[in-house]
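Asks: Please see the structure below; I have some questions.
The values are calculated or read from the model by the stated rules, or taken from the named source; none is laboratory data. This one's a predicted model, so the numbers in the text were calculated from it and none came from an experiment. Neighbour counts run over all protein chains shown; Cβ positions are idealised from the backbone, glycine included. Side chains are part of the model used for accessible areas, which takes the heavy atoms of the whole protein and leaves out ligands, DNA and RNA. Shrake-Rupley method; radii C 1.70, N 1.55, O 1.52, S 1.80 Å.
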Amino acid sequence: MSTRAADGRPVAASDGHSPAPAAPTAAPTADRWARWRWLRHEWTGAIVGGLLLAVALTWPTMRHPASTVPGDLGDPTLQAWQMAWSGHALVSHPLDLWHSNTFYPERYTFAYSDTLLGYAPMGALGSGFEAALVHYNLMYVLVHALAFVGAYALVRQLGAGRWGGAVAGVAWAYAPWRLAHAGHLNILSSGGIALSLAMLARGHGWSLRHGYRPERRRPRWALAGWFVAAWQVSLGFGIGLPLVYFLLAAVLVAAGCYGWSWWRRRERAPFGRRLLLADLAGGLVFGAVTLLLGLVYLRVVDLNPQAVRSLDWTEMFSPPLIGFVTAPADSWLWGEPHAAAREQLSWPPEMALLPGMALIGMAMAGLFVSVYPVRQRIALGLGVLGTVLLGLGATLGGDGDPGYLTLSRHLPGWDALRTPGRMMHWTSLLLAVLAAGLVTAIAESRRPSTTRWTRLLAPAVLLIPLALVTLEGVNRTPHPEVPRPPAAMRVADKPVLLLPIGGTNDLHYMLWTTDGFPRVANGLAGFEPATLAQTRTAAASFPDPTSVAYLRGIGIRSVVAMPDRAVGTPWEGIAARPVDGLGITREEIDGVLVYHLG
C-alpha cells in the first residue's frame, strides 16, 4: 500500500513499527574521499616526485644495491661501514660509539673522519655485509631526494612558485659538480642545509618576496628548523661547519635589523614569546650538538697531533676560475666536451665545479627579471660572487688572503675545511634561488588562455628550463661490484690483523667487519695513528719471531692474510714463509691464510 505526499508523489507507507528508511546521502562518500585529500597535496607530490626522480637520476644505484656501490671502491666502502657501525653501536653499546672496532687498540677511532652519525637509524635496521651495502645505496638515493625537497621547500618559502621550486630543486640536487663526488656521501649529504633554512624562514614568517610578515610566524617550524640544522651538523663538519657560521651570522644580522627597526620607528615589531622560546630551545640543541661533536674531534687531535693539517692542503686543493665552468667526467652531457678543460685542473675531483650551464644562464637572467624585489636580487648576486671568491681558495689574488685562507686562520675549525671548492654548495643554492625567481616571473606573466592550443603550450614553455636542468644532471657514474668478505674471517680469533695493510684494502676490511664487528688493527682515515704505523712496520716480515712477539704484545690473536692482494707489497709470497718454531698455527680457507697466535 502507498500514500501520496503533499506534492502528489507516491510514498511507501509505514508498517506501523518503524519509520521508512531514509534515502542514502553522499555525505559518507564525501567524508571518505576527504581523508585522502593529502594525496593531492603539493608536498605529497614534491616528496613522491623527489623520490622517483632520485631513483631515476641515480640509476643504476638501485639495480644491485646489495653488491655494488656508485663511484668507486674507496670512500663508499668506508661510509657504508660508518653507517653500519653507528647503528650497531647506538643499539648495542652506545657508550662505546666513538671507540669503533677499527684501528685497534686506539680510542675515539670513529671520529677519525666525518662520521655520518645522523644516518645511524638507517644503519640500525639490519646487520651484516649486504645490509650495510643496501643501507648505503638507499641513503645515496635518499640524499638526492632530500636535496630536491629541501631546495623546493626553500624557494617556495622565499616566494617562488611551484615551477620555480621544481627547477631549483633539480638544479641544486643534481648539479653537474656533484657527480664528481658520487663516492663521497658526506659531501652529497647537504639537503638538510636547504630544508633547515626553509623551516627557519617559515617559522619566522619571512620570505625574499614579501619580507617579514608577523602574522605568518610558526614557532614549531622554527624549532624544527633548528633540529634539522643540528642533524645536518651531525653528518660531518666538512659540510656542516659553514652552516654553523651562516646561522650565527644570520642571527646577528636579524637581531641587528630588528633592533634598528625598533629604534627608528620607536615601536617594537611583533615577534612573540613562543617564537623566542622556540629559537632559544632550538638554538640550544643546535649549539650543544655542534659543541659536543667539536669536543670529540678536539680529543682526537689531542691524541693524534699528526691529524692537524697545514694550510698547504688548502692551497693544493684550491681550484682555478676555469673550474667553475668545467664539468666532471661523470657528467653525461658535459663530461666529454669538457675533457680538455679538466686537463688544466691539478685535481679534477675537487676542482670540476660546474653548477650547470642552464642554471648559470637562468640565474643571470634572474638578476633582471624576477618576482623578488631588486634589492633582494642584488643581495643574492653578491652572495654568489662572495661564495665564488671564497671557493677559489688560495688562487684568489695569488694567496687567498683576504679570502678563504683568512677564514682558515681566524674562524675556529675552518682550517680543517681544506677543500675550498665545496663552497659550491652555497653558490649553486643561491643560483637556484635566482633561477626560481625568473621561472616564477615567467609563470605568473601568462595571461588567461582563450584557446585550447594556448592552454597546452603555456605549460610546455615552463617545461623547457626544467628539462634543461634535468638533462644536465644525468650521470654516467660507474657502479663497481664490492669484494665480499672471505669465509676465513669467521674462524679468526679477535682482535685481528688483516694483511696486506694499507690503501683501499683497509677500507674493504672495515666494511667486511660489519659481519659481527670484530676488532681489527686495520683502518684508513685522513691521518695515520701511531700504533698503525708501528704495526705496519713490525708486521712487514710476518711471520717471524719479532713480528709475532709485537702482535701478541698489542693483543692481536690472529692474522688473516690474502695472498692475491699482496702482490707488490712486503707480504708477497707470504704463503711460502715457514711458521715452524713460532708457536702459532696456520690454516688455509679458500686461498686465504689464517694464523692463530694463541
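Asks: Please arrange ARG220, ARG299, ARG309, ARG484 by accessible surface area, largest first, computed with a 1.4 Å probe and ligands excluded.
Replies: If we order ARG220, ARG299, ARG309, ARG484 from most to least accessible, we get ARG220, ARG484, ARG299, ARG309.
Asks: Between THR537 and ILE464, what length in nm is gained on full extension when 0.36 nm per residue of separation is reduced by their alpha carbon distance?
Replies: Additional length available on full extension: 20.3 nm.
Asks: Looking at PRO478, PRO305, LEU597, which one has the Cα that reaches farthest to the positive end of the dipole of the chain (charges on Cβ: Lys, Arg +1; Asp, Glu -1)?
Replies: Ranked along the dipole, the leading option is PRO478.
Asks: Out of the stretch 515-598, which GluC sites (Glu not before Pro) are coil in DSSP terms and have no more than 14 other C-beta atoms within 10 Å?
Replies: GLU572
Asks: Return the percentage of antiparallel bridges among DSSP beta bridges fully within the chain, rounded to the nearest 5 %.
Replies: 75 percent
Asks: Quick one: which of 536-544, 419-427 comes out on top by average Cβ neighbours within 10 Å, and what's the full order, highest first?
Replies: Most protected by this proxy first, the peptides run 419-427, 536-544.
Asks: Rounding to the nearest 20 debye, state how big the charge dipole of the chain is about its Cα centre with +1 on each Lys and Arg Cβ and -1 on each Asp and Glu Cβ.
Replies: Using only the charged Cβ atoms, the result is roughly 3300 debye.
Asks: Further question: For PHE368 and TYR258, calculate 0.36 nm times their separation in residues minus their Cα-Cα distance, and state this gained length in nm to one decimal.
Replies: Extra length available between PHE368 and TYR258 comes to 36.7 nm.
Asks: Between TRP332 and ARG265, what is the label-to-label distance in nm when each label sits 7 Å out along the Cα-to-Cβ direction?
Replies: Rounded to a tenth, the inter-label distance reads 5.1 nm.
Asks: Can you give me the solvent accessible area of ILE584 with a 1.4 Å probe, rounded to the nearest 10 Å²?
Replies: Its heavy atoms expose roughly 20 Å² to the probe.
Asks: Which distance in nm do the two modelled labels at TYR245 and VAL474 give, with both placed 7 Å along the Cα-to-Cβ direction?
Replies: The modelled label-to-label distance comes out at 3.9 nm.
Asks: Hey, another quick one. With a cut-off of 16 Å, note down the residues of the stretch 532-551 whose backbone N falls inside the zone around a label point 7 Å from the Cα of ASP493 toward its beta carbon.
Replies: 548-551
Asks: Just to confirm the filter: which GluC sites (Glu not before Pro) across the stretch 276-359 are DSSP coil and have at most 14 other Cβ within 10 angstrom of their Cβ?
Replies: Answer in residue order: GLU343.
Asks: Another one. Among LEU353, HIS338, SER370, whose Cα projects farthest towards the positive end of the dipole of the stretch 323-423, with charges put on the beta-carbon of Lys, Arg (+1) and Asp, Glu (-1)?
Replies: SER370
Asks: Note the full-extension length gain between LEU298 and LEU277 as 0.36 nm times their separation in residues minus their Cα-Cα distance, in nm to one decimal.
Replies: 4.5 nm
Asks: Something else now. Among PHE110, PRO176, PRO495, whose Cα sits farthest toward the positive end of the charge dipole of the chain (+1 at Cβ of Lys/Arg, -1 at Cβ of Asp/Glu, about the Cα centre)?
Replies: After comparing all options, I get PRO176.
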